[in-house]
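**Student:** Before I ask anything, here is the structure I am working with.
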Amino acid sequence: MTDKIEYPMLPEPRTVRLRFKKTGALQYISHLDLQRSFIRILARAELPLWFTQGFNPHPKLVFALPLAIGTESVCELADIRIERDMPCDEILKRLGTASSGGLEFTDCYVPSAKFAEITGTEYTITLELGEDDAKAFSEKAFETLTSSPIVIRKRTKSGEKEVDISGMISRLRIDRKRGNVTINAVLSAGEGNTLNPENLLDALRAATGLPDAETEYSCMRLKMLCKDGAEFR
Amino acid sequence: MFSSSMLKSISKPGRYAGGEFGQIIKDPAAVDARVAFCFPDAYEIGMSNLGMRILYGVLNREENISCERVFAPWIDMEDKMREKKVLLCSHETGTPVKDFDFLAITVQYEMCYTNVLNVLELSGIPLRAENRDDSFPIVIGGGPCSYNPEPIADFFDLFDIGEGEEMLPEIVRLYAEMKKKGCTKHEFLLEAARTIEGVYVPGFYDVTYNGDGTVRAYTPKYEGVPAKVRKRIVKDLDTMYFPDKVVMPYIECVQDRIMLEVFRGCIRGCRFCQAGMIYRPVREKAPETLLKQAKCLYENTGYEEISLTSLSISDYTKLRELTDGLIEWTDEKKVSLSLPSLRIDSFSRELMEKVASVRSSSITFAPEAGTQRLRDVINNNVTEEDLMRSAGIAFSAGKEQVKLYFMDGLPTETNEDLEGIAHLAEETVEEFYRTPGHSRRAPTVTISVSCFVPKPFTPFQWEPQATMKELIEKNNYIGSCIKSRKVRYTHHDAKVSHIEAILALGDRKLSAALELARSEGFRFDAWDEFFDYDKWMAVFAEAGIDTAFYANRRKADDEILPWDVIDCGVTKEFLLRERNKAYAEKTTPSCREKCSGCGAACLGGKDICCPSAGNKGEDR
């Protein structure tokens, strides 16, 4: 680092929220691996991190919601804690030089809301099915995802169990453009009540046989939402 | 490039996704030569290799050369690739390996030989060099196994013997020049073999054998091709290229830390140890260089641990200066230090506190053998007293777990030596209770015993390996000698060690067996879950290979060994002298105490720890 400005110590450590995109190759990195890598990115950026005071000091790092492998995102959030008064734009600049393409920091601010207030996430899922399958699939998909109950087998901490996910999907929209089908939906999020795009795809697989092992598809998290439907910040 | 449907249907897709911070992507059209650098094992193993980090950087530093990474795909990915007929590609640009100018493979251990062949196969490259025309990449081998490359010689066009930092760019530069002139592969290989020291082109030698199967002669086919290929070393480690920028893997790797190479070589000369011989002469980096490099690496990686990697780190002459200098900033940054290779006789309280791996309650020592007699035979030069003193320091600092490394099947070994292993472990338990201020928890002393594998370029290269039956008996006998319930005993699988010995000591006749193993679907033999001893023995039998000839035969002192075509600096006379001293149970002082005339001084080198530096070695 070239600039060696000593930022003044803060009277209390400050929580700072980072917004970032996790796209491309980074979609294949698990939540746990991302956490580990994040610590190193923060160190490379030489941020004035505050360390926990225990026997094994470590920086504070909390993610809003884990992102499943194979899903991209343009709206990830993580909180860190700093001990010096470094401005947010400086933090953002430093993170930019310390990270690579698929991980792009887009905002940095002092948060006012808690992650627990997040109740939903908006996703878009694009399936490349080809003209022949697309029409039948999109109709069947809409029918399936608007029916009730929608029962899938979901892996939880206490093993696999059957869950009705019909109440966890809202604002569903399915578009078809040439051979591509796009599913846009808000899925519920939050402790014990999280629906992932893969869960949704499981329901569709059971009903339509698609997507199968040959299908190219992508999932993107677009927004994290509050209870009132506004974007969480 | 792998499709997203492939990546979504396999385990750990992060192994193949690329996109790491620090990877170097160059426009293929803007370079004169492209090198695919392959570590033939899983991504998380390969990304942990310091040599690969160095050579990736050293090649990409050249403006007109690009180097991209390749690893062995895990079996689930391999199945997908075969099913969908997808060829192996590079990480950086997803270019098929077969479209590169070079495929450079670092061969770190014998048990990856089948992976080497699998990588060729998955790349769509014919296995044998003689079956590859000029349209295929030139396949280069390097790494520790290239000191006896003979079992895999038929599959490679060229081997780098020794350290690659200077040699590998020289080879690629020469190629780029000759390619412009429209030269053939043969012309390039010949020019490289003639003009670049350390280049070994196996195809340029006629190999003949005696009636008993031993080597009769290696004869160069062309004028100017060296009869013996001398290994290359980097003379000055302080000015040598070092990778300040590191590709940062996102997924967890075996070595997720800064690897700070402090020196090369080892002053000790343990008689079983190949690394201690082939990396001679000892060359150190100056502490100022290391402190600068460590800081720079931390800034570029953000790793939370620095490992001082060298063969016997406590032999570094400026260790105190180095650790003190590091601690000046590492403590504040919460970066921990680790010293993975501490010798028992140099262990101190001060050192332990500096490396303060607070989290670890265990510490490892390597007495290697159970009695003083056998420790003298192998020239490991530590005593029971050293061990008790070191263990005592660890116990008084609150540790209650000690791990002890041993070997069995060593030359001249008797049951008494095996009993000694159990004795040392039990004495270490006693030492725990004798140490004032020991932890209140009960101690555990774990002994881990591996089977001796004779290696080329060691004083024990003429020795037979104990037979499978003997090795199993020895492993069991040690177990039966342990009475204390505070001693835990683990041992390596003798079956793996046996195959390792065959491959380590083999000649070119083994290539047929390896080819057969590959066609039977062998791969990932370094992984317990895929290693199948019975299948290996069946393959050797089918290929007509007498495994005992390679692994269990005592070689005559004047026998021409398959690896005699390589000159690693250390002379055969020295190795033989050491072997005879082993039989006489006489030790040899370290290089720092007295020069024993191993011959490696002839290679030169700055700041080498060798009294005869600058002169010719005693034997030359």
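**Student:** Within region A:165-172, can one find any residue that is in contact with a Phe, Trp or Tyr (Cβ under 9 Å, 6 or more places away or on another chain) and at pLDDT 95 or above? Working first, answer last.
**Tutor:** Just the residues of region A:165-172 that are in contact with a Phe, Trp or Tyr (Cβ under 9 Å, 6 or more places away or on another chain), to begin with: A:172.
Applying the additional criterion that residues be at pLDDT 95 or above yields A:172.
The answer is yes, given that some residue of region A:165-172 is in contact with a Phe, Trp or Tyr (Cβ under 9 Å, 6 or more places away or on another chain) and at pLDDT 95 or above.
**Student:** Could you grab me the full set of residues in region A:80-100 that are away from chain B (no Cβ under 13 Å) and open to solvent by less than 20 Å² (accessible area, probe 1.4 Å)?
**Tutor:** Across region A:80-100, the qualifying residues are A:Ile80, A:Ile82, A:Met86, A:Ile91.
**Student:** If a residue must be open to solvent by less than 10 Å² (accessible area, probe 1.4 Å) and touching a Gly at 6+ places or on another chain (Cβ under 7 Å), how many such residues does region B:436-450 contain?
**Tutor:** Within region B:436-450, residues that are open to solvent by less than 10 Å² (accessible area, probe 1.4 Å) and touching a Gly at 6+ places or on another chain (Cβ under 7 Å) number 0.
**Student:** Tell me, please, whether a residue that is over 21 Å from the mean Cα position of the chain (by Cα), assigned to a helix (DSSP H, G or I) and over 20 Å from B:Ile54 (Cβ atoms) can be found in region B:298-319.
**Tutor:** Yes; the residues of region B:298-319 include at least one that is over 21 Å from the mean Cα position of the chain (by Cα), assigned to a helix (DSSP H, G or I) and over 20 Å from B:Ile54 (Cβ atoms).
**Student:** Now for a different question. Please verify whether region B:341-360 includes one or more residues that are within 14 Å of chain A (Cβ to nearest Cβ) and at pLDDT 85 or above.
**Tutor:** From region B:341-360, those within 14 Å of chain A (Cβ to nearest Cβ) are B:356-360; that's our starting set.
Next, from what is left, pick out any that are at pLDDT 85 or above: none.
Within region B:341-360 (the criterion being within 14 Å of chain A (Cβ to nearest Cβ) and at pLDDT 85 or above), the answer is no, since none of the residues qualifies.
**Student:** Given the structure, is A:Lys227 away from chain B (no Cβ under 14 Å), within 23 Å of the chain's Cα centre (by Cα) and not β-branched (Val, Ile, Thr)?
**Tutor:** Considered against the rule, which asks whether it is away from chain B (no Cβ under 14 Å), within 23 Å of the chain's Cα centre (by Cα) and not β-branched (Val, Ile, Thr), A:Lys227 comes out as yes.
**Student:** Residue under question is A:Glu104, and the condition is that it be over 16 Å from A:Ala64 (Cα atoms) and part of a helix (DSSP H, G or I); does it hold? Explain how you work it out, then say what you get.
**Tutor:** Values: over 16 Å from A:Ala64 (Cα atoms): yes; part of a helix (DSSP H, G or I): no.
Taking the combined requirement at face value, the residue does not satisfy it.
**Student:** OK, next. Given the options A:Ala134, A:Ala141, A:Ala116, name the one that is of a type in the set (A, V, I, L, M) and touching a Leu at 6+ places or on another chain (Cβ under 6 Å).
**Tutor:** It is A:Ala141.
**Student:** Additional query: Hey, among B:Met81, B:Met1, which residue is within 13 Å of another protein chain (Cβ to nearest Cβ) and not basic (Lys, Arg)?
**Tutor:** Values: B:Met81 fails: within 13 Å of another protein chain (Cβ to nearest Cβ).
Exactly one of B:Met81, B:Met1 is within 13 Å of another protein chain (Cβ to nearest Cβ) and not basic (Lys, Arg), namely B:Met1.
**Student:** A further question follows. Anything in region A:200-216 that is more than 14 Å from chain B (Cβ to nearest Cβ), within 13 Å of A:Lys140 (Cα to Cα) and in contact (Cβ under 8 Å) with a residue 40 or more places away in the chain? List them, or say none.
**Tutor:** Those that are more than 14 Å from chain B (Cβ to nearest Cβ), within 13 Å of A:Lys140 (Cα to Cα) and in contact (Cβ under 8 Å) with a residue 40 or more places away in the chain: A:Ala203, A:Leu204, A:Ala206, A:Ala207, A:Thr208.
**Student:** May I ask you to verify whether A:Glu76 is open to solvent by less than 20 Å² (accessible area, probe 1.4 Å) and either more than 12 Å from chain B (Cβ to nearest Cβ) or part of a loop (DSSP other than H, G, I, E, B) (or both)?
**Tutor:** When the stated conditions are applied, A:Glu76 passes them.
**Student:** Right, here's the next one. Any residue in region B:339-346 that is closer than 25 Å to B:Asn49 by Cα, among the charged types (D, E, K, R) and surrounded by 15 or more Cβ atoms within 10 Å (Cβ to Cβ)?
**Tutor:** Yes, region B:339-346 contains a residue that is closer than 25 Å to B:Asn49 by Cα, among the charged types (D, E, K, R) and surrounded by 15 or more Cβ atoms within 10 Å (Cβ to Cβ).
**Student:** For region A:30-66: of the residues being more than 13 Å from chain B (Cβ to nearest Cβ) and in contact (Cβ under 8 Å) with a residue 60 or more places away in the chain, which is surrounded by the most Cβ atoms within 10 Å (Cβ to Cβ)?
**Tutor:** A:Ala64
**Student:** A follow-up question, please. Taking A:Gly192 as meeting all but one of (1) crowded, with 20+ Cβ neighbours inside 10 Å; (2) more than 14 Å from every other protein chain (Cβ to nearest Cβ), write down the number of the exception.
**Tutor:** Every listed condition holds for A:Gly192 apart from (1).
**Student:** A follow-up question, please. Among the candidates A:Ala136, A:Ala113, which residue alone is small (Gly, Ala, Ser), over 16 Å from the mean Cα position of the chain (by Cα) and part of a helix (DSSP H, G or I)?
**Tutor:** After ruling out the rest, the residue left standing is A:Ala136.
**Student:** Which residue, of B:Ala33, B:Ala29, is over 30 Å from the mean Cα position of the chain (by Cα) and over 21 Å from B:Glu83 (Cβ atoms)? Step through it out loud before you land on a result.
**Tutor:** Values: B:Ala33 fails: over 30 Å from the mean Cα position of the chain (by Cα).
Result of the check over B:Ala33, B:Ala29: B:Ala29.
**Student:** A further question on this structure: So, of the residues in region A:1-29 that are more than 7 Å from chain B (Cβ to nearest Cβ) and of a type in the set (Ser, Thr, Tyr), which turns out to be farthest from B:Met1 (Cα to Cα)?
**Tutor:** Across region A:1-29, the extreme among qualifying residues is A:Tyr7.
**Student:** For region B:231-249, give me the residue count where each residue is open to solvent by 70 Å² or more (accessible area, probe 1.4 Å) and more than 14 Å from chain A (Cβ to nearest Cβ).
**Tutor:** Residues in region B:231-249 being open to solvent by 70 Å² or more (accessible area, probe 1.4 Å) and more than 14 Å from chain A (Cβ to nearest Cβ): 2 in total.
**Student:** Could we say that A:Ser147 is over 18 Å from the mean Cα position of the chain (by Cα), away from chain B (no Cβ under 14 Å) and under 30 Å from A:Ala45 (Cβ atoms) here?
**Tutor:** So A:Ser147 fails the test.
**Student:** Can we say B:Glu288 is modelled with pLDDT under 95, open to solvent by 10 Å² or more (accessible area, probe 1.4 Å) and either among the hydroxyl-bearing types (Ser, Thr, Tyr) or out of contact with any helix residue (DSSP H, G or I) (no Cβ under 8 Å at 6 or more places or on another chain) (or both)?
**Tutor:** No: the conditions fail for B:Glu288.
**Student:** Which residue out of B:Ile45, B:Ile54, B:Ile75, B:Ile65 is surrounded by fewer than 23 Cβ atoms within 10 Å (Cβ to Cβ), over 23 Å from the mean Cα position of the chain (by Cα) and in contact (Cβ under 8 Å) with a residue 40 or more places away in the chain?
**Tutor:** Working: B:Ile45 fails: over 23 Å from the mean Cα position of the chain (by Cα); B:Ile54 fails: over 23 Å from the mean Cα position of the chain (by Cα); B:Ile65 fails: surrounded by fewer than 23 Cβ atoms within 10 Å (Cβ to Cβ).
When all the criteria are applied, what remains is B:Ile75.
**Student:** So which of B:Ala17, B:Ala29 is within 14 Å of chain A (Cβ to nearest Cβ) and either in contact (Cβ under 8 Å) with a residue 40 or more places away in the chain or not acidic (Asp, Glu) (or both)?
**Tutor:** From the options B:Ala17, B:Ala29, the qualifying one is B:Ala17.
The values are calculated or read from the model by the stated rules, or taken from the named source; none is laboratory data. Small disclaimer: the values here were computed from a predicted structure and weren't measured. All Cβ positions, even for glycine, are placed from backbone atoms using ideal geometry, and neighbour counts span all protein chains on display. These accessible areas exclude ligands, DNA and RNA; they are computed on the full protein's heavy atoms, side chains included. Shrake-Rupley method; radii C 1.70, N 1.55, O 1.52, S 1.80 Å.
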